[in-house]
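Student: One structure coming up, written as structure tokens, with questions to follow.
Here, each number is a calculation from the coordinates, and none is a lab measurement. The structure presented is a predicted model; accordingly, all values stated were derived computationally and were not measured. All Cβ positions, glycine included, derive from the backbone under ideal geometry; neighbour counts span all protein chains shown.
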Amino acid sequence: MEVRPLAIPDVKLIRPKRFGDHRGFFSETYNKKALESCGIFLDFVQDNHSYSAAKGTVRGFHYQLPPRAQDKLVRVTRGSVLDVALDIRRSSPTFGRWVSVVLSAAEWNQILVPAGFAHCFVTLEPDTEVIYKVTDYWSPEHERGILWCDPELGIDWGVSAEEAVVSDKDKTWPRLSEQPDLFD
């Protein structure tokens with residue numbers, strides 16, 4: 001398993017090994033001991049699976065406040081996404097900055113999005129499936145979000161707000177500068 005920090009070092013790119021032969025491949029997509037040997041000590045409690053039919057589907061920016069904050073380990077099993085982690089820790093030197101990576105079934109890569117970051121992705125292909133592990137259960141009382149197309153963030157999603165396929169809830173989140181509920 002390869003683990004490397006991204007431009008904001010708390011966010012990690014992970015690439016599990018794949019072993020292929022004439023039948024296909026085998027991969028340990030999650031191995032607690034392997035992650036711990038890389039300094040990642042997390043207890044995941046739930047797996048989530050999303051399917052997006054259309055290219056240009058946006059999901060996020062989502063996060064949960066403490067004490068129900070979630071770390072996320074995200075991977076794509078079909079298709080590809082532009083995955084973005086936004087630092088929402090007010091005391092962080094990288095507050096308001098973001099990192100992105102293309103996750104794809106072909107690359108077999110993953111991103112570790114720690115608590116204190118808002119998470120969002122846009123599908124780059126139709127029929128894309130994303131699976132992610134989380135370290136706490138969904139809690140509607142602690143759920144928050146940030147507008148995915150906040151112009152102050154300067155993210156090029158590759159799709160306009162008019163063309164994107166977005167849930168009604170994700171269209172109404174406040175901008176980062178307007179969101180009172182962030183991490184300290």
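Student: Every residue in the stretch 101-139 that is of a type in the set (Gly, Ala, Ser) and either out of contact with any Phe, Trp or Tyr (no Cβ under 9 Å at 6 or more places or on another chain) or surrounded by fewer than 18 Cβ atoms within 10 Å (Cβ to Cβ) (or both), please.
Tutor: At the first step, the residues of the stretch 101-139 found to be of a type in the set (Gly, Ala, Ser) are 104-106, 115-116, 118, 139.
104, 105, 106, 139, listed by residue number.
Student: A further question on this structure: Mind counting the residues in the stretch 28-64 that are among the polar types (S, T, N, Q), more than 23 Å from residue 86 (Cβ to Cβ) and loosely packed, with under 15 Cβ neighbours inside 10 Å?
Tutor: The first filter runs over the stretch 28-64 and keeps only residues among the polar types (S, T, N, Q), leaving 29, 31, 37, 46, 48, 50, 52, 57, 64.
With more than 23 Å from residue 86 (Cβ to Cβ) added as a condition, the list becomes 29, 31, 37.
Then drop every residue that is not loosely packed, with under 15 Cβ neighbours inside 10 Å, which leaves 31, 37.
Number of matching residues: 2.
Student: Does the stretch 77-99 hold any residues that are crowded, with 21+ Cβ neighbours inside 10 Å and under 11 Å from the mean Cα position of the chain (by Cα), and which are they?
Tutor: Residues satisfying the conditions are 81, 83, 84, 85, 86, 99.
Student: Now a separate question. Among 97, 78, which is the only one that is out of contact with any Leu (no Cβ under 6 Å at 6 or more places or on another chain) and over 18 Å from residue 165 (Cβ atoms)?
Tutor: On the way: 78 fails: over 18 Å from residue 165 (Cβ atoms).
Testing whether each residue is out of contact with any Leu (no Cβ under 6 Å at 6 or more places or on another chain) and over 18 Å from residue 165 (Cβ atoms) leaves just 97.
Student: Does any residue of the stretch 38-58 turn out to be among the polar types (S, T, N, Q) and over 18 Å from the mean Cα position of the chain (by Cα)?
Tutor: The initial filter retains those residues of the stretch 38-58 that are among the polar types (S, T, N, Q), namely 46, 48, 50, 52, 57.
With over 18 Å from the mean Cα position of the chain (by Cα) added as a condition, the list becomes none.
So far as the stretch 38-58 goes, no, none of its residues is among the polar types (S, T, N, Q) and over 18 Å from the mean Cα position of the chain (by Cα).
Student: Looking at the stretch 1-78, what strands (runs of 3 or more DSSP E) fall wholly within it and have at least 1 residues that are in contact with a His (Cβ under 9 Å, 6 or more places away or on another chain)?
Tutor: 57-64, 72-78
Student: Write out, first by first residue and then by second, each pair whose Cβ atoms fall under 7 Å of each other, whose residues are 6+ apart or on separate chains, and whose first residue, in the stretch 93-116, is under 19 Å from residue 28 (Cβ atoms) while the second is of a type in the set (A, V, I, L, M, F, W, C) and in a loop (DSSP other than H, G, I, E, B).
Tutor: 111/11; 112/11; 112/40
Student: Counting just the residues of the stretch 165-184 that are within 18 Å of the chain's Cα centre (by Cα) and touching a residue at least 40 places away in the same chain (Cβ under 8 Å), which one comes out surrounded by the fewest Cβ atoms within 10 Å (Cβ to Cβ)?
Tutor: 167
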